[in-house]
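The values are calculated or read from the model by the stated rules, or taken from the named source; none is laboratory data. Note that this is a predicted model, so its numbers are computed, not measured. Cβ coordinates were reconstructed from backbone atoms using ideal geometry, including for glycine residues, and neighbour counts include every protein chain displayed. These accessible areas exclude ligands, DNA and RNA; they are computed on the full protein's heavy atoms, side chains included. Shrake-Rupley method; radii C 1.70, N 1.55, O 1.52, S 1.80 Å.
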Amino acid sequence: MPAPETIVRITRGPLAESVHRGHIAVVDSGGTVLKHVGDASYKTFARSTAKLLQAIPVIESGAAERYELSDKEIAIVCASHSGEQEHVETVRNLLMRADISPKRLQCGPHEPLYRPAAVRMRESGEKPTALHNNCSGKHTGMLLLAKHTGSPLESYMSPDHPVQRMMLETVSDMSGVPADEIALGTDGCGVPVFGLPLDKLAYAFARLGSGTGLSAKRAEACQRIVAAIGRFPYYLAGTDRFDTRLIEVTKGRLIGKGGAEGVFTVAVPDKGLGIALKAEDGNQRAVYPAVVETLKQLDLLVGSELEQLKPFHFPDIHNWSGNVVGKTEPAFRLRP
């Protein structure tokens, strides 16, 4: 199997102090790998990148229509949100509309990812709840789907639950990987997470954006997801988050979604492309520079967009006094 390649280099003065290695796959909507770095078929867990695929049955089943989900709410169902007030209120209101108690959420509590929100909660003595969990939107989508299909709410996280079976089958169909060949693990929020080759994950995102080879009903659901996130990228992540900024800067032309342990995916609807990247050591600091560089090499970003994304493309290394003492630089070339 091809070895991982250096994708990002950390320099301090004259030396490359650290390197991050990884894999990248660029795939078209027919499943052909067009460009790659390292091993395009490297198998890894999709982590939170799968949330966009997991949202498909929420729409396709009629649950989104029954509970009148707005585009903003569809975006939050796909989100790894920062726990800002608007995120929490959107999830809470969606649960209330479906007459589901927030206590039904089994994702567990954690402080908001948005530091100012976390600081305010600490200073006021407010304790975080499951609503603040970055995955609370996804779990709300699962609860809505369970209620809509008449499935039990209390066991919605079980791999054998009808909701989880529907989501596995959707990931299987979108990626072209048979369900029994998808490795199942447990994500940080407690639900099943899907392990599959990078090129197949990229293929799923190419189809998500283009609708190629999908039934009319599924293509419509995918189009709704892409359009909703394009209109409300703040609800996919949050203030100063890369996922949100990428979509804002490109005005929804590129739809990107990150996942834990160094995974990132991009759908390019107007080109019928999907991109999947994995930093093999799981270090997040390698991901955003490598994603922006990939998009640059594919000529998917114009000059002004590159300038706006420069803080993610070439992040500076600072010391405790705030002085720049090093650089983060992409260090690869995509190959046919």
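Here are the numbers for this structure:
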item: With every protein chain in place, segment 22-86: carbon and sulfur % of accessible area (1.4 Å); result: 44
item: Segment 97-158 - Kirkwood radius from inverse mean 1/r over Cα pairs (Å); result: 12.6
item: Entries in Lys35/Lys251; Lys43/Lys251; Lys72/Lys278; Lys43/Lys278; Lys138/Lys257; Lys35/Lys310 that, when Cα-Cα distance is taken, lie over 20 Å; result: Lys35/Lys251; Lys43/Lys251; Lys72/Lys278; Lys35/Lys310
item: Local electrostatic count, Arg115, Cβ distance below 11 Å [Lys/Arg +1, Asp/Glu -1]; result: -1
item: Relative contact order (%) - segment 4-157, alpha-carbon pairs under 8 angstrom, separation at least six; result: 19
item: Computed label-point distance, nm, for sites Arg66 and Val33 using a 7 Å Cα→Cβ extension; result: 4.2
item: Translational D in µm²/s for segment 1-138 (Stokes-Einstein at 20 °C, 1.002 mPa s, Kirkwood Rh from C-alpha pairs); result: 118
item: Solvent-accessible surface ranking, highest first, for Ser80, Ser321 at 1.4 angstrom; result: Ser321, Ser80
item: Positive-end residue of Ile247, His139, Ala227, charge dipole of the chain with Cβ unit charges; result: Ile247
item: Scaled radius of gyration (Cα, divided by 2.2 N^0.38 Å) that segment 1-45 gives; result: 1.47
item: D_trans [Stokes-Einstein, Kirkwood Rh over alpha-carbon pairs] for segment 116-255, 10 °C, 1.306 mPa s, µm² s⁻¹; result: 93
item: Total formal charge among the other residues, if their Cβ is under 10 angstrom from that of Thr140, Lys/Arg +1 and Asp/Glu -1; result: +2
item: Shape category assigned to segment 65-126 from the gyration tensor of Cα positions, a/c cut at 1.5; result: prolate
item: Segment 268-336, accessible surface, carbon-and-sulfur percent (1.4 angstrom probe); result: 50
item: Relative contact order %, segment 73-160, counting alpha carbon pairs below 8 Å whose residues are six or more apart; result: 37
item: Directionally averaged projected area (convex hull, Cα atoms, segment 151-219), nm²; result: 5.3
item: Selected from Val302, Val263, Val26 as most flexible by GNM, with the chain as the system and alpha-carbon contacts under 10 Å; result: Val302
item: Calculated from backbone phi, Karplus (6.51, -1.76, 1.60) coupling profile of segment 146-152 in Hz, x at Gly/Pro; result: 4, 5, 5, 8, x, 8, x
item: Accessible solvent surface per residue of the chain, calculated while the other protein chains remain in place, 1.4 angstrom probe, Å²; result: 42
item: Sum of side-chain charges, Asp316 neighbourhood, beta-carbon under 13 Å (Lys, Arg +1; Asp, Glu -1); result: +3
item: Accessible surface of segment 115-238 [probe 1.4 Å, protein heavy atoms]: carbon and sulfur percent; result: 51
item: Cysteines in the chain lacking a second Cys C-beta under 4.7 Å; result: Cys78, Cys222
item: Other-chain or far-sequence residues with amide H under 5 Å of Ile317's (modelled H); result: Val325, Gly326, Lys327, Thr328
item: Residue (of Ile59, Val77, Val292) at the positive-pole extreme of the chain, dipole from beta-carbon charges; result: Val292
item: Cα gyration tensor category, rounded, prolate or oblate, for the chain with a/c compared to 1.5; result: oblate
item: Rounded if a/c under 1.5, otherwise prolate or oblate - segment 189-300, Cα gyration tensor axes; result: rounded
item: Separation in nanometres of the label points that stand 7 Å from Cα toward Cβ, at Ser41 and Ala216; result: 3.7
item: Sequence of Lys35, Lys327, Lys278 when ordered by accessible area, the most exposed leading, probe 1.4 angstrom; result: Lys327, Lys35, Lys278
item: Mean separation of Cα contacts under 8 Å (6+ apart) over length of the chain, as relative contact order %; result: 25
item: Length gained when the stretch Lys310-Arg12 is fully extended (0.36 nm per residue, less Cα-Cα span); result: 105.4 nm
